[in-house]
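See below for the structure under consideration.
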Amino acid sequence: MGPSLIINGTLVSASWSRQKDIAVEGGKITCTGKIDPDDFAGCQVIDATGRYIFPGGFDPHVHLALPTPAGNSCDDFRNGSLAALAGGTTFFMDFVTPHRGQSLAEALRLRREEAAQSLTGCGLHMGISEWNPGIASEILPLMEREGICSFKAYLAYPETIGIGYGDLRELMQIVGPAGGVVMVHCEEGGTIAGMQRQLIAEGKTRPCFHAVSRPAEAEVSAIEKVIGMSALTGCPVYIVHISTGRGADLVAAAKKDGIRVYAETCPHYLLFDDSVYDPGRKDLEALPFILSPPIRTKDDREHLWERVADGTFDTIGTDHCPFNVHGQKDRGLHNFTKIPNGTGGIRHRLGLMYTNGVLPGKITLNRFIDLVSTKPAEIFGYGGRKGKLLPGYDADLVIWDPKISRTVSRDPKIDTCDSDIYEGMALTGGPVVVVTGGRSVR
């Protein structure tokens, strides 16, 4: 795609919507406003009458080719980026997940080699899978030399990648003063491990008991403690995939107190409720919904929507991490602790939020753009390049037709997983042209 001019569309940002033209050249937005095509002789001209022009989606939370005992998550960087682009997401952030005993620098090098397959832009957060003086000594060099500004800690999974509260505090004390942000998976690992042991001992091994083993209080308690640590250390924290209304309320209160806490939720927490784990359902039907934290109650779902609308949540991420039902998730049919956790969604995020958020009036169109593009770019250090339709910004954009009607279905050319929790959902609106780095990809 050479120099291009998109005319007669409505540009939508996080703070305004206006009918403007937009010119793209050399991978950058060169100008916006009322543009005369005659001034751009030889340009490709796209007429976007009746359509919106969005900044490309920015997904801050995906797990592509994530290693687990059940095998890697279904999508590698190539397939995952294809799915992202199909849905209007032009940039995403994945994770480096070092195994214990591995240096952060080595893990980063290897993950970058994998990420090179991506067909669109992607960034990496650094996971902290253990804590010791050697790991601590690597943090600042990674920030200074490699441009890593976000570090993720898990309070769950203590046997494999989780760390303790004391370790997390020390991580915050290093990252915060250096200008970074610490991301936290907030679930009390000890509580969950105890619940799992108890349920298995009682013979409660079916997939539906996954949700029982990870009670809401395990998330709420962890969020409360992490907010307290952020206040104590001054380190900004980003709490991933909040699933509970009470957890969101804690974030809202912290923001009012001036604590630097960012909050993310995901479409699955906004569109489903815990009936997906009903013991009366077939076990195979529950498997696609085994993810962590689990999906919560209808009351939680509605409360999350309220907090999405009022500004408590900063981003909508997908936590995209699909596994096949057959051959992966079904390994845990008779022991829920062996089910790999995760589901997909990177292809559907914009459509789901537009259809279920914007159209019913739960959020404005501008708030939608802030959640799915502008704010995640700003939080993770890309705010000067992505998430806005301004001259000098990367030419990552979406021409969105608000009238398209479609139904979510698996696309064999893109989808590698044998199930999709959103299959059959009706969507209104969708991308008709997606541009990444100045290149049109559909």
Under the Karplus curve 6.51 cos²θ - 1.76 cosθ + 1.60, θ = phi - 60°, whole-Hz ³J(HN,Hα) for the stretch 178-185, x wherever Gly or Pro sits: 8, x, x, 10, 9, 8, 9, 7
Over the stretch 1-105, what is the relative contact order in whole percent, taking alpha-carbon pairs under 8 Å and six or more residues apart? 24
Which FRET efficiency, nearest 0.05, do Ser17 and Asp310 yield, Cβ-Cβ r, R0 22 Å? 0.60
Quick one: Karplus J couplings for the stretch 390-395, per residue in order, coefficients 6.51, -1.76, 1.60, θ = phi - 60°, nearest Hz, x for Gly and Pro? 10, x, x, 7, 4, 7
Pop the C-beta distance of Thr160 and Ala41 into the FRET formula with R0 = 35 Å and round what comes out to the nearest 0.05. 0.05
Given H placed on each backbone N at 1.01 Å, which residues far from Ile363 in sequence or on other chains put an amide H within less than 5 Å of it? Val358
Mind listing the long-range amide H neighbours of Tyr262? Cut-off is under 5 Å, sequence gap 5 or more, other chains count too, H placed in the peptide plane at 1.01 Å from N. Val237, Tyr238, Ile239
Output the lone cysteines of the chain: those with no second cysteine's C-beta under 4.7 Å from their C-beta. Cys31, Cys43, Cys122, Cys149, Cys186, Cys208, Cys235, Cys266, Cys321
Which whole-Hz couplings ³J(HN,Hα) result when phi for each residue of the stretch 319-334 is put into the Karplus expression 6.51 cos²θ - 1.76 cosθ + 1.60, θ = phi - 60°, listed in order with x for Gly and Pro? 6, 4, 7, x, 10, 5, 5, 8, x, 10, 5, 6, 4, x, 4, 10
Counting Lys +1, Arg +1, Asp -1, Glu -1, what net charge surrounds Ile35 among other residues with beta carbon under 9 Å of its beta carbon? -1
How large is the convex hull of the C-alpha atoms of the chain per residue, in Å³? 133
Charge dipole magnitude, Cβ of K and R +1, D and E -1 - the stretch 1-110, Cα centre, debye nearest 20: 280
Cross-link partners among lysines for Lys403, C-alpha distance below 27 Å, same-chain residues fewer than 8 apart left out? Lys20, Lys34, Lys362, Lys375, Lys386, Lys388, Lys413
So which GluC sites (Glu not before Pro) in the stretch 182-248 are both in a DSSP loop and have at most 14 other Cβ atoms within 10 Å of their Cβ? Glu202
Residues meeting the amide H criterion for Lys28 (H placed from the backbone, H to H distance under 5 Å, 5 or more places apart or on another chain) are Ala395
One quarter of the C-alpha convex hull surface, i.e. the mean projected area of the stretch 39-128 in nm², amounts to 8.5
So, with +1 on the Cβ of K and R and -1 on the Cβ of D and E, and no other charges, what is the size of the charge dipole of the chain about its Cα centre, to the nearest 20 debye? 340
So which DSSP H runs in the chain come out at 20 Å plus along the axis (Cα) with average Kyte-Doolittle of at least -1.0? 216-233
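No value in this document is a laboratory result; all are computed from the given coordinates. Predicted model only: the values in this text are computed from it and were never measured. Ideal geometry is used to build each Cβ from the backbone, glycine not excepted, and the neighbour counts take in all protein chains shown.
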